[in-house]
Amino acid sequence: MKGMTMSYRKRITRVAVPALGLVALAFLLLQTRALTGGGTTALSATTPPAPLTSSVIMAEGRVAAYPGNEVITGSDRSGTIVRMFVNEKDEVTKGQVIARLRSDDLEAELAEARARVAEAEADIRLYDVEVSRSRHLWEEEVGSKQAYDRSLRDRDAALARRRTSLAAAQRLEALIDKTRILAPISGVIVERFVDEGESIEAGDSIVTVANLDRLRIEAEVDEFDTARLAIGADVIVIAEGFDREWRGTVQEVPDAVTARRLKPQDPARPVDARVLLAKVEMQEQTPLKLGQRVEVRIATE
């Protein structure tokens, strides 16, 4: 009886083990079908597709003014700043005096030159009378031809002295004009380099004036992406510290590549890469500051 029980159990085991294997295989097949078949729709509905990085050009750039809208103003001559009429963030108009150099010595020389002009004009009036009188006496055969010629020479010399003094006065006036530093454009003082009492040399910078009404982005596009860059392409501009983005358009694509100006924030990017400085026109007003660093994403489709 015991032998029959052991034989029966062995037959049950031989049948049950394969059956359990078939059940497990069927379960795995159902799970696989759910993931690859019916589950595909549910997954795609909840998971957004990964962005196509090949359709976007990533670049770094900076906020810049349009050509002629940012000017560094300096002095054409050396001197000492005696007066600064503007500070940073002050608005100025074209031709407004923003600084003045010491000009005491020039103004004294100008006064002297003008005095010589007045003296020469007084001599001219006198010699005009002498010329008329000597000519009349010579025609009446009372005076001599030499006296008449001498009066003509004296008047001509006085006229020459007046021209020389006038030229000296004009030269001094021009030098004094250069001691008054004028705003070259209307805009805002974005940077001031000197203070009152400082001595400067010719060519030194005094202030930077910029027109902030219109700004654009200069994006450094890697030279390997130049073939995919096109005028009119849509651009997204992102800046650190802001929780939003701004839209722009590629306005200008230069014909030559240049060395990178901005040090890349991504250490994986090469520092000595050649870039194309693409100009991006903003389609809306932004709070971005002149010279601020930004990230741009340029669409290629």
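Just a few scattered comments:
- Dipole-positive endmost among GLY143, ALA157, VAL131 within region 79-181 (Cβ charges, Cα centre): ALA157
- Percent accessible area from carbon and sulfur atoms, region 122-269, protein chains only, probe 1.4 Å: 48
- Surface analysis of region 159-287 yields an accessible area of 57 Å² per residue, using protein heavy atoms and a 1.4 Å probe.
- Descending principal axes extents, region 94-199, alpha-carbon based, whole Å: 78, 26, 13
- Computed over region 182-301, the percent of Cα pairs more than 21 Å apart is 52.
- Between ARG171 and GLN285, the simple label model (points 7 Å from Cα in the Cβ direction) yields a spacing of 5.2 nm.
- Region 154-197 shape via C-alpha gyration tensor axes, a/c threshold 1.5: prolate
- Cβ-defined net charge surrounding ASN87, 13 Å radius [Lys, Arg +1; Asp, Glu -1]: -3
- Other residues lying with their Cβ under 14 Å from the Cβ of ARG116 contribute a combined charge of 0, Lys and Arg counting +1, Asp and Glu -1.
- MET58 - accessible surface, heavy atoms, 1.4 Å probe, Å² rounded to 10: 80
- Residues whose amide H lies under 5 Å from that of ALA99, counting only those 5 or more places away or on a different chain, are PHE85, ILE181; hydrogens are built 1.01 Å from N in the peptide plane.
The values are calculated or read from the model by the stated rules, or taken from the named source; none is laboratory data. From a predicted model like this one, the values you see are computed outputs, not experimental measurements. Note that we place each Cβ from the backbone using ideal geometry, even for glycine, and neighbour counts take in every protein chain shown. The area values use the complete protein model at the heavy-atom level, side chains included, leaving out ligands, DNA and RNA. Shrake-Rupley method; radii C 1.70, N 1.55, O 1.52, S 1.80 Å.
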